[in-house]
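Written below as structure tokens is the structure these notes are about.
The values are calculated or read from the model by the stated rules, or taken from the named source; none is laboratory data. Because the structure is a prediction, the values reported are computed rather than measured. Note that each Cβ is placed from the backbone with ideal geometry, even for glycine, and that neighbours are counted across all protein chains shown.
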Amino acid sequence: MTISPLLSRGGAVAIEGGSVAAHYGDPLREQRLLAEGAGLVDRSDRDVVAVPGADRLSWLHSLTSQHLERLADGTGTESLLLSPQGHVEHHMVLADLDGTTWADVEPGAGAALATFLERMRFLLRVQPALVTEHWALLSLVGPTGTEVLSAAGLPEPVAPYDVRALEGGGWVRRMPAIGDGSATVFDLLVPRAGLAATADRLTTAGAGLAGVSAYEALRVEARRPRAGLDSDHRTIPNELQWLTTAVHLDKGCYRGQETVARVHNLGRPPRRLVLLHLDGVSEVLAEPGTPVLAGTREVGRVGTVVRHHELGVIALALVKQSVQLDAALSVAGSTAAIDPGDTPIGPDDSTAAARDRVRAVRSATIGR
């Protein structure tokens, strides 16, 4: 684990057991910065796998859930590596540029991914390698991010998943917005040796430093899951929004495809991802994997739980498909309510009641 040089910046508090800053002294202010202005988030703990070689796209196309064999230079996408049973093993965010496909994945997941890819090389012209030691990811987040890029003299990708080369190596990739949809995200892959200099360039151009806890809060608000936190060993793509962002339903055979196709055709995965509002009765946030209860019956599990600057305590959770929108739920002793925007598959007339439950939960939180 390489400690980020940005941990030496004023006010930095590291994530527990990690190499990047959770915050720089004021997590809620940093959230507002991402929601209303532009903040630079150090995400250099993410692992990076590089796959150069003439056969890389057709090879990755055959292994993963996404249609990649005609991925254009200067573009990216999301893709999944599934088990033979269709369970999610890796979620990859890709960028293809100048003969190399780059995949950034969850912290600590890169070695297993690189090992699997190396085993699948056979005689193809590909050279997968874990390159986290040499490359680092930063994220510029917020509605004024484009102005910051311009002031810094850096290229601006226009559409989501567009990729532009950076002078001196690396790239900038536009991602779908997070938060309420107004916080634009630009991921920058830079040489690790130049991470601090790139951060200085962007902060001089108008971005403020923000910790990963601020990014996580807006990510949860946007219902964007993370592998291993918001998924478990039983998760299939159909239960998450990855079915639309990381899976191509019309491509040929790949590992785990039969499960994805069967559940898609049936139209009802066993669980669904929802946004939960919690009453904040506990100062300690529930850990990923904590059961979601309906009375005494376990009906799901929470993933990421955060304190949001406007919404209070919120969480992503995988719950059984049978759980109604207005169900009375609890998590680790806290009252929980499903956000009314998370309509289940099939008929349900409980949206109004769900709104009432969310208002009650948030009122209880404000009252404290």
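Just a few scattered comments:
- Residue match in the range 179-192 (condition: basic (Lys, Arg), on the phi > 0 side of the Ramachandran plot and not in a strand (DSSP E or B)): no
- Residue in the range 146-173 that is surrounded by the most Cβ atoms within 10 Å (Cβ to Cβ), counting only those that are out of contact with any Leu (no Cβ under 7 Å at 6 or more places or on another chain) and assigned to a strand (DSSP E or B): Arg173
- Positions within the range 10-28 being part of a helix (DSSP H, G or I) and surrounded by fewer than 16 Cβ atoms within 10 Å (Cβ to Cβ), in sequence order: Leu28
- Restricting the first member to the range 41-63 and to residues that are within 10 Å of Leu124 (Cβ to Cβ), and the second to residues that are in a strand (DSSP E or B), the beta-carbon pairs closer than 6 Å and six or more apart or on different chains are Arg56/Thr101.
- Residues of the range 242-268 that are over 18 Å from Pro84 (Cβ atoms) and more than 17 Å from the chain's Cα centre (by Cα): His248, Leu249, Asp250, Asn265, Leu266, Gly267, Arg268.
- So Pro176, is it buried (at least 17 other Cβ atoms within 10 Å of the Cβ) and under 21 Å from Pro107 (Cα atoms): no
- Within the range 17-35, the set of residues being closer than 14 Å to Thr144 by Cα and over 17 Å from the mean Cα position of the chain (by Cα) comprises Arg32, Leu33.
- Within the range 185-215, the set of residues being surrounded by fewer than 22 Cβ atoms within 10 Å (Cβ to Cβ), of a type in the set (Ser, Thr, Tyr) and closer than 16 Å to Gly37 by Cα comprises Thr203, Thr204.
- Residue check for Glu310: among the acidic types (Asp, Glu), at pLDDT 95 or above and under 21 Å from Ser231 (Cα atoms): no
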